[in-house]
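**Q** Sharing a structure below in structure tokens format, with a few things to ask.
The values are calculated or read from the model by the stated rules, or taken from the named source; none is laboratory data. The shown structure was predicted, so the numbers you read here are calculated from the model rather than taken from an experiment. Cβ placement follows ideal geometry from the backbone for every residue including glycine, while neighbour counts extend to all protein chains displayed.
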Ligand code: ZN
């Protein structure tokens, strides 16, 4: 894995949390993007070499709505950038991790992504991301 690409934070409302994080990080939100397939709206902040991604549920059955209903707002996932997502998925499968996708899917921010089940990673939802070229 190359680096922590971003940290995902589940929020109830982007319109409340974007100005909050702009103040906290002292940097403007540079992009908002809806990911229809996931039922989420996202907002991104650059922080040095990595990013913060805020996630708001766009529908009641979105994974973010379920997460907030169960745990409240807060840290949702860590995303690691990888060079070759298929090779990394294969490696992690062989190491016994549970992947939530068989194939990489399209994520926010022009990425291919795959998630690992938190049950196999000490309760942390891990996202693999590869830049789409
Ligand atoms: Zn993410």
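**Q** Take the residues in the stretch 101-113 that are within 15 Å of the ligand (Cβ to nearest atom) and exposed (fewer than 15 other Cβ atoms within 10 Å of the Cβ); name whichever of them is modelled with the highest pLDDT.
**A** By that ranking, first place goes to 101.
**Q** From the list 38, 22, 73, pick out the single residue that is surrounded by 12 or more Cβ atoms within 10 Å (Cβ to Cβ) and more than 16 Å from the ligand (Cβ to nearest atom).
**A** Exactly one of 38, 22, 73 is surrounded by 12 or more Cβ atoms within 10 Å (Cβ to Cβ) and more than 16 Å from the ligand (Cβ to nearest atom), namely 22.
**Q** Oh, and also: List the number of the failed condition for residue 66; all other conditions in (1) free of Cβ contacts under 8 Å to residues at least 12 places away in the same chain; (2) more than 21 Å from residue 114 (Cβ to Cβ) hold.
**A** The one condition residue 66 does not meet is (2).
**Q** Restricting attention to the stretch 1-16, and to residues there that are within 11 Å of the ligand (Cβ to nearest atom) and closer than 16 Å to residue 38 by Cα, which single residue is surrounded by the fewest Cβ atoms within 10 Å (Cβ to Cβ)?
**A** This residue is 9.
**Q** Only one of 125, 116 is more than 12 Å from the ligand (Cβ to nearest atom) and either in contact (Cβ under 8 Å) with a residue 40 or more places away in the chain or crowded, with 18+ Cβ neighbours inside 10 Å (or both); which? Before the answer, list the steps.
**A** Numbers: 125 fails: more than 12 Å from the ligand (Cβ to nearest atom).
Only one candidate passes the filter, namely 116.
**Q** Let me ask you something else. Residues of the stretch 80-113 being over 13 Å from the mean Cα position of the chain (by Cα) and in contact (Cβ under 8 Å) with a residue 24 or more places away in the chain, which ones?
**A** 82, 83, 84, 85, 88, 89, 92, 96, 97, 104
**Q** List, please: which pairs have Cβ atoms under 9 Å, are six or more places apart or on different chains, and start with a residue in the stretch 42-56 that is without any contact (Cβ under 8 Å) to a residue 60 or more places away in the chain and end with one that is within 10 Å of the ligand (Cβ to nearest atom) and in a loop (DSSP other than H, G, I, E, B)?
**A** Matching pairs, first to second residue: 51/109; 53/108; 53/109; 55/108.
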